[in-house]
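Structure record follows, encoded as structure tokens.
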Amino acid sequence: MKSSVFLLLLLAAFTCGLARGEDGEAEELQVETLVKPETCSVLSTMGDTLRIHYTGKLMDGKVIDSSLSLDPLVVELGKRTVIAGLEQSLVGVCEGQKIKATIPSHLAYGKKGYPPTIPGDAALEFEVEVVSLTQQTSWQKMVNDVLPLVCLALVPTLLGLVGLYLYKKANAEKPGKKKAKDKKIKKK
């Protein structure tokens, strides 16, 4: 009985150690709300456009990038204009909200990193303020959601029509010498 309890405790400790990663870095995206406005009626969804200010840091606190001295960064969710972890952390936020996102390396720059600023396998921490949130219009939603599906349907259709045309052209009866002589006789 004692050995099975010890084994379970050992297994639990080992599992917790794996979940934290080698350097104590999180293996999953973690989002903490720092400031949430009193009224938050509209939450961001894929396709929305956000204007954000951000400060990106390595886990040791070294600042790697910031937009605070620049104009806010425009991010259209779903267009992959920022690293995957940052984009995922921006879904479900509202205008005026401030968050802190701890992004594991596989949702940031991965094994290669972004030399010389970001080493390989580096987890990142971003503090983000959502300056403005613009929801996608129904027209944008149609263009983003429906148009790619229509294009997917059109490509095989067009390829089929080209194939049918080439098939008919290849199997069309070619005028032989006899038919060419018959045409000459008819003209006389």
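Structure summary
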{"quantity": "Dimensionless Rg/Rh of region 34-142 - Kirkwood Rh, Rg from C-alpha atoms", "calculated": "0.99"}
{"quantity": "Among 80-87, 65-72, the order from most to least packed when residues are scored by Cβ within 10 Å on average", "calculated": "80-87, 65-72"}
{"quantity": "Gain upon complete extension [Thr137, Ala84; 0.36 nm per residue less C-alpha separation]", "calculated": "16.7 nm"}
{"quantity": "Net charge, Thr33 excluded, C-beta distance under 14 Å - Lys, Arg +1, Asp, Glu -1", "calculated": "-2"}
{"quantity": "Lysine pairs in region 24-149 with Cα atoms under 29 Å, if 8 or more residues apart or on separate chains", "calculated": "26"}
{"quantity": "Efficiency of FRET between Lys168 and Val63 - r from beta-carbon atoms, R0 45 angstrom, step 0.05", "calculated": "0.10"}
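Coordinate-derived values only; no laboratory data. This one's a predicted model, so the numbers in the text were calculated from it and none came from an experiment. Note that each Cβ is placed from the backbone with ideal geometry, even for glycine, and that neighbours are counted across all protein chains shown.
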